[in-house]
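Reading through the structure tokens given below for one structure.
The values are calculated or read from the model by the stated rules, or taken from the named source; none is laboratory data. Not measured: the values here are computed from a predicted model. Counting neighbours? That spans all protein chains shown, and the Cβs are built from the backbone with ideal geometry, glycine included. Heavy atoms of the whole protein, side chains included, go into the accessibility calculation; ligands, DNA and RNA do not. Shrake-Rupley method; radii C 1.70, N 1.55, O 1.52, S 1.80 Å.
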Amino acid sequence: MTRTTTTPRTCATLPDLVRTRADEAPDRLQYRTADSGGELTVSQVVGHAESVAAGLQGLEAGDRVVLLLPPGGTFAVAFFGVMFAGVVAVPVAPPGRTRLTSGLEPLRRIAADCRPSAVVTTEAMAEAIRPVIEAEQGSLTGVPILAIEDLVRADADAAAFRERGTDDPAYLQYTSGSTSTPRGVVITHGNVTTNAAAIAAAYRTTPEDHAMVWVPPHHDMGLVGGLLTPLTGGFSVTLWSPYQILQSPIRWLESIHEERVTISGGPDFGYRLAADRVEADRVQGLDLRSWRLAFTGAEPISAATIDAFAERFGPAGFDRFAFYPCYGLAETTLMATGGIPGEGARVRGLDRHMLEAEGRAVDTDVDADGTRRLVSCGRPIDADHDLRIVDVDSGLEQAEGTVGEIWFRGPSVAHGYHDDPQSTEVTFRASLDDRTGPFLRTGDLGVVIDGELYVTGRRKDVIVVNGRNIDAHDVEEAVRAVVDAPRKGQTAAISILESDRERFVVVQEVGRGAADEAARIVRDVQGAVARRFGVRADEVLLVRPGSVPTTTSGKIRRAETARLVRAGALTPVEGP
């Protein structure tokens, strides 16, 4: 069947976007919430959001409002209600009810930074957190805790609606904190409407598409990719909780099968989890032929993960050419580069020694020893965006085939960090040696080959061993491939600076039953590191599952892991 795609019209602001879509197709299903089965048309989203705006009319334009809500239509209604009210949304992950006090710590830190005027949450969560907040003198003291159920019952009041401009802040996207303390990225209305339209065009979407997204809306991929790109492209989406998918990855594939989903995806670890945990006999009952675009990003993309997922789910009709690797970060709103739908993942073999020791990309056989397999993340999302590879010391643009820091500019790049002019200047106002700019310094390392971006790692995650720059994610992938242990969990490769040198440490989660096999597992890890990189880890630390800290999107918090190792705060699994 021939697909007729149209380029989505870029609306100036988010209220403009949702109202335009409601005028075009008021009864079209927009959001379906998987756990409740609740469904919202575009016009229902607008109607409920107008009530929320009325309930927030006591706030001043530009005030910050924390959204402490689970994924689904309720979050969408609250988010657009905040947009209509002319205040700034601050999405935050809601805490689990079993660990309420400790689970509020991210909210406390974010509130201390953005000083919100209100928190919007569910009625049940409001009742649970109010006593905790009232009992402490902290950043949330005196901040009203509002229940979304009460807000949607408010009578719409035209006086509550404020017009906002393209350059006005729409929301603060707090970074994941995988390498540093989370910071609030100021995303304007123009940033997000531009980026969502570019993504919808890059995906070649039509109103016949149906998406399924399980990345939470406090994450940029869940918010822009899960809520706003479907709205921009005029197609519907089913929203799942990440906890449901992480507990049982088969639900992801079953949802695609049952709803004939055409667009879905997530971080690399989600694909790896599904390939590892979904048994072959569960694959037999699936039909994944409808899945035409499987986006993958948010962390380094592993060629091994792509191979494993395609092999596991190929018998169910998954087409490996559906893979759509892309690259982006919160500071670019969401997507910065991407490929062409239907071309799949382009994997390139590069000489590992030349890449690590000299920073040059030299092609080798993709399956040869001493090869690092990198996945292309495509080109800038459209002609209005520009990507360069830059030497971090000199500021000189690098030629194709030379590794450097990824710099990016264009209308999707955020305006800076909230209330942090110094970091904003350093990160968002970079210029090349010829004063071309400003560019965003992403902190990521990469190389451009034949016009396509290959991400090699993060500057802060480079481990220097014997003069070679080894990427932590590359080490972790090599270790995961050989570790055979009960309840094998996260792997973290870190560098710990001591008085005279850097110590190279691998932390590996294993289950209780691994104690008798501890010595063998350590040998396997050391062997994998030696074979792949020609070096030896100074220490291999086996720890219990859940010991390695991660972000809410599954990224390893390596700096925090290193801090815990230095403090002796990780309990090792001892051998016999």
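Being over 20 Å from Gly378 (Cα atoms), modelled with pLDDT under 95 and out of contact with any helix residue (DSSP H, G or I) (no Cβ under 6 Å at 6 or more places or on another chain) is the filter here, so list the residues in region 280-315 that pass it.
Ala280, Asp281, Gln284, Gly285
Quick one: count up the residues across region 1-39 that are modelled with pLDDT of 85 or more, crowded, with 19+ Cβ neighbours inside 10 Å and under 24 Å from Val215 (Cα atoms).
Here the count works out to 11.
For residues that are over 21 Å from Pro300 (Cα atoms), open to solvent by less than 50 Å² (accessible area, probe 1.4 Å) and touching a residue at least 40 places away in the same chain (Cβ under 8 Å), tally how many sit in region 543-575.
Counting residues in region 543-575 that are over 21 Å from Pro300 (Cα atoms), open to solvent by less than 50 Å² (accessible area, probe 1.4 Å) and touching a residue at least 40 places away in the same chain (Cβ under 8 Å) gives 6.
One line per residue, one yes/no per condition, for (1) open to solvent by 20 Å² or more (accessible area, probe 1.4 Å); (2) within 20 Å of the chain's Cα centre (by Cα); (3) at pLDDT 90 or above:
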| position | (1), (2), (3) |
| --- | --- |
| Ile389 | no, no, yes |
| Gly395 | no, no, no |
| Arg409 | yes, yes, yes |
| His415 | yes, yes, yes |
| His418 | yes, yes, yes |
| Thr424 | no, no, yes |
| Val455 | yes, yes, yes |
| Asp471 | no, yes, no |
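Does region 520-531 hold any residues that are aliphatic (A, V, I, L, M) and surrounded by fewer than 18 Cβ atoms within 10 Å (Cβ to Cβ), and which are they?
Across region 520-531, the qualifying residue is only Ala530.
Give me the residue from region 504-514 that is surrounded by fewer than 18 Cβ atoms within 10 Å (Cβ to Cβ) and over 28 Å from the mean Cα position of the chain (by Cα) and, out of that set, nearest to Val573 (Cα to Cα).
Arg512
Of the conditions (1) of a type outside the set (Asp, Glu); (2) under 30 Å from Met335 (Cα atoms); (3) at pLDDT 90 or above, Ile145 clears all except one; give me its number.
Every listed condition holds for Ile145 apart from (2).
Consider Ala49 carefully, then state whether it is touching a Phe, Trp or Tyr at 6+ places or on another chain (Cβ under 7 Å) and either surrounded by fewer than 24 Cβ atoms within 10 Å (Cβ to Cβ) or not in a helix (DSSP H, G or I) (or both).
The answer is no for Ala49.
Which of (1) loosely packed, with under 15 Cβ neighbours inside 10 Å; (2) closer than 30 Å to Arg360 by Cα is the odd one out, the single condition Gly534 does not satisfy?
That leaves (1) as the condition not met.
So which of Ser499, Ser431 ends up being open to solvent by 20 Å² or more (accessible area, probe 1.4 Å) and at pLDDT 85 or above?
Ser431
State yes or no: is Thr238 open to solvent by less than 10 Å² (accessible area, probe 1.4 Å) and polar (S, T, N, Q)? Even if it seems obvious, please write down each step before you answer.
Values: open to solvent by less than 10 Å² (accessible area, probe 1.4 Å): yes; polar (S, T, N, Q): yes.
When the stated conditions are applied, Thr238 passes them.
List the strands (runs of 3 or more DSSP E) that sit entirely inside region 391-479 and contain at least 1 residues that are among the polar types (S, T, N, Q).
Where strands (runs of 3 or more DSSP E) fall fully within region 391-479 and carry at least 1 residues being among the polar types (S, T, N, Q), they are 440-449, 452-458, 468-471.
Go through region 144-167 residue by residue and tally those that are in a helix (DSSP H, G or I) and open to solvent by less than 70 Å² (accessible area, probe 1.4 Å). First the steps, then the outcome.
The first filter runs over region 144-167 and keeps only residues in a helix (DSSP H, G or I), leaving 148-151, 158-160.
With open to solvent by less than 70 Å² (accessible area, probe 1.4 Å) added as a condition, the list becomes 148-149, 151, 160.
Number of matching residues: 4.
Here is a check on your reading of the model: is Thr141 farther than 27 Å from Val213 by Cβ and part of a loop (DSSP other than H, G, I, E, B)? Before the answer, list the steps.
Values: farther than 27 Å from Val213 by Cβ: yes; part of a loop (DSSP other than H, G, I, E, B): yes.
Yes, satisfied.
Could you check region 327-360 and list, in sequence order, the residues that are closer than 30 Å to His418 by Cα and out of contact with any helix residue (DSSP H, G or I) (no Cβ under 8 Å at 6 or more places or on another chain)?
Tyr327, Ala336, Thr337
Rundown of residues vs (1) in contact (Cβ under 8 Å) with a residue 40 or more places away in the chain; (2) open to solvent by 40 Å² or more (accessible area, probe 1.4 Å), yes/no style:
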{"position": "Ile245", "(1), (2)": "no, no"}
{"position": "Pro249", "(1), (2)": "no, no"}
{"position": "Glu258", "(1), (2)": "no, yes"}
{"position": "Ser264", "(1), (2)": "yes, no"}
{"position": "Trp291", "(1), (2)": "no, no"}
{"position": "Asp319", "(1), (2)": "no, yes"}
{"position": "Tyr324", "(1), (2)": "yes, no"}
{"position": "Val347", "(1), (2)": "yes, yes"}
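Would you be able to tell me the number of residues in region 199-211 that are outside any strand (DSSP E or B) and open to solvent by 10 Å² or more (accessible area, probe 1.4 Å)?
Count: 6.
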